[in-house]
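Here the structure is laid out as structure tokens; the discussion comes afterwards.
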Amino acid sequence: MQIVKPAYTIISPYDQDYARDMCKDIEKAARTCYKTEDKITEDSYITFLQMLLKRKHLAMIEHSMMSVRFICDRGVTHEMVRHRLCAFAQESTRYCNYTKGKFGGHISIIHPDGLTESQLARREEHFEAVQRLYEAEIAEGLSPNIARGVLPTCLKTEIVVTANWREWRHIFHMRTPVTAHPQMRELMRPLLIEVQDLIPVVFDDIVLE
């Protein structure tokens, strides 16, 4: 058994130039509504996007996308996939055989922050037993498709989430407040801060509690 830390990587947009160009594309699309394409300048997208946000003309922000790869426990992904206007690609326990070498021959677990030493020790003893049970079922000829039934909710998984920026705004509004699950906030709060630095204007009005 291995203990891993949650993490994320922004796949796209991958730098500020890409993000700025996407903002400009949003402006080009949205100005169709007003027939003001002649007012486009090198930096007009900034005030134009601010205007869209102020007017809550958020449909225009859907002319965009961002993909993020998360490493987290499966319980967190159960919340992520409830966001309907997204595309998901998740590590599958049906097909991944964690006794194989590419997985290090063991399952990987993510612990929440704040556990005491005794709580950690008790959990790790339990998950070592889960590891042995999983290995035994695979060795007896059960497929990963069946043996996965013994795996815990805190099993490490990877999931790629792709959505337009309007949906990401909704995700951040839902998943960064103090009422959100702590392990979700652990990922989404630093992601929001990075996105605010990466993408002009679109996420600036979302304030962390």
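Here is how the numbers come out for the structure above:
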| quantity | calculated |
| --- | --- |
| ARG20 being of a type in the set (Lys, Arg), assigned to a helix (DSSP H, G or I) and either closer than 30 Å to GLN131 by Cβ or in contact (Cβ under 8 Å) with a residue 60 or more places away in the chain (or both) | yes |
| Qualifying residues in the range 153-207 (those that are part of a helix (DSSP H, G or I) and among the basic types (Lys, Arg)) - the one nearest to LEU58 (Cα to Cα) | ARG166 |
| Filter pass, GLU91 being in contact with a strand residue (DSSP E or B) (Cβ under 8 Å, 6 or more places away or on another chain), acidic (Asp, Glu) and more than 22 Å from GLU194 (Cβ to Cβ) | yes |
| Hey, THR41 in a loop (DSSP other than H, G, I, E, B), at pLDDT 95 or above, over 30 Å from HIS126 (Cα atoms) and over 22 Å from the mean Cα position of the chain (by Cα) or not | yes |
| Matching residues in the range 66-87 - criterion: being of a type in the set (Ser, Thr, Tyr) and either over 10 Å from the mean Cα position of the chain (by Cα) or farther than 14 Å from ARG175 by Cα (or both) | SER67 |
| Residue in the range 113-126 that is touching a residue at least 12 places away in the same chain (Cβ under 8 Å), assigned to a loop (DSSP other than H, G, I, E, B), polar (S, T, N, Q) and more than 13 Å from ASP73 (Cβ to Cβ) present | no |
| Boolean, THR32 is farther than 30 Å from TYR98 by Cβ and among the polar types (S, T, N, Q) | yes |
| Qualifying residues in the range 150-209 (those that are touching a residue at least 24 places away in the same chain (Cβ under 8 Å), among the basic types (Lys, Arg) and under 26 Å from ASP17 (Cβ atoms)) - the one surrounded by the fewest Cβ atoms within 10 Å (Cβ to Cβ) | ARG166 |
| Residue match in the range 88-103 (condition: surrounded by 14 or more Cβ atoms within 10 Å (Cβ to Cβ) and more than 23 Å from VAL4 (Cα to Cα)) | no |
| Residue match in the range 79-100 (condition: free of Cβ contacts under 8 Å to residues at least 24 places away in the same chain and part of a helix (DSSP H, G or I)) | no |
| Residues that are within 15 Å of LYS24 (Cβ to Cβ), in contact (Cβ under 8 Å) with a residue 60 or more places away in the chain and surrounded by fewer than 17 Cβ atoms within 10 Å (Cβ to Cβ), drawn from the range 47-62 | GLN50 |
| Number of positions in the range 104-127 that are surrounded by 14 or more Cβ atoms within 10 Å (Cβ to Cβ) and of a type in the set (Asp, Glu) | 1 |
| First in the range 31-44 and among the polar types (S, T, N, Q), second anywhere and assigned to a helix (DSSP H, G or I) and surrounded by 10 or more Cβ atoms within 10 Å (Cβ to Cβ), Cβ under 7 Å, 6 or more apart | SER44/GLU27 |
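The values are calculated or read from the model by the stated rules, or taken from the named source; none is laboratory data. Given the structure is predicted, the values throughout are model-derived calculations rather than measurements. For neighbour counting, all protein chains shown are included, and Cβ atoms are generated from backbone atoms with ideal geometry for every residue, glycine included.
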